[in-house]
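Right, one structure below, let's go through it.
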Amino acid sequence: MKLTSAESGPAPGAKRAAAAAGVVVLVAAVAWTLWAIPSTRTVLRQSFTEMPAPYIELYFTSAPSVAGGLVTVPISVNDHGANAVLQIKVQLVNGSGHVTAQTTTSVSARSNIPVPLLVHLPARSGTDRMWVYLLDHPQTLHFRIGTV
């Protein structure tokens with residue numbers, strides 16, 4: 001007895017469609033399982049998301065002032081990256097470019113949290129400018145305070 005194609009089983013196209021559906025179900029199950037793992041989800045998000053480069057903000061929180069023989073420099077540091085210990089150098093300079101007073105201080109920066117800092121330097125005669133440097137970084141601040 002001979003079997004006809006209708007009696008011999010599913011057509012070859014149906015077998016391929018069933019195999020493709022099985023592969024899709026398997027891939028979806030594996031993807032769902034991997035997505036359920038938090039560390040895998042984080043790595044996948046990072047691989048498809050452009051992450052900003054770390055950077056540091058250095059800025060005056062208000063205008064520096066001179067009072068009672070002291071120059072007060074209110075600054076803030078905001079580290080958008082790793083928590084780091086940063087060195088800040090503040091210089092007072094006279095009209096001919098000579099440093100009249102300076103100090104260096106350390107700041108423990110916290111990621112994405114501004115850290116305010118008040119720096120006090122003695123006001124010396126002839127001082128008219130100040131420079132604030134974030135050591136080992138390109139950021140600097142400049143302020144003309146007028147002649148002390």
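A few points about this structure:
- Residues satisfying the stated conditions in segment 102-116, i.e. surrounded by fewer than 18 Cβ atoms within 10 Å (Cβ to Cβ) and either within 24 Å of Gly68 (Cα to Cα) or of a type in the set (A, V, I, L, M, F, W, C) (or both): Gln102, Thr103, Thr104, Thr105, Ile113, Val115, Pro116
- Filter result (under 23 Å from the mean Cα position of the chain (by Cα), part of a loop (DSSP other than H, G, I, E, B) and at pLDDT 90 or above) within segment 44-81: Thr61
- Of all residues in segment 61-78, none satisfies being touching an Asp or Glu at 6+ places or on another chain (Cβ under 9 Å) and more than 30 Å from Leu121 (Cα to Cα).
- Checking every residue in segment 94-102 against the condition of being assigned to a strand (DSSP E or B), assigned by TED's automatic domain parsing to the domain that holds Thr140, touching a Pro at 6+ places or on another chain (Cβ under 6 Å) and not basic (Lys, Arg) gives at least one match.
The values are calculated or read from the model by the stated rules, or taken from the named source; none is laboratory data. Note that the structure is predicted; figures quoted are calculated from it, not measured. All Cβ positions, glycine included, derive from the backbone under ideal geometry; neighbour counts span all protein chains shown.
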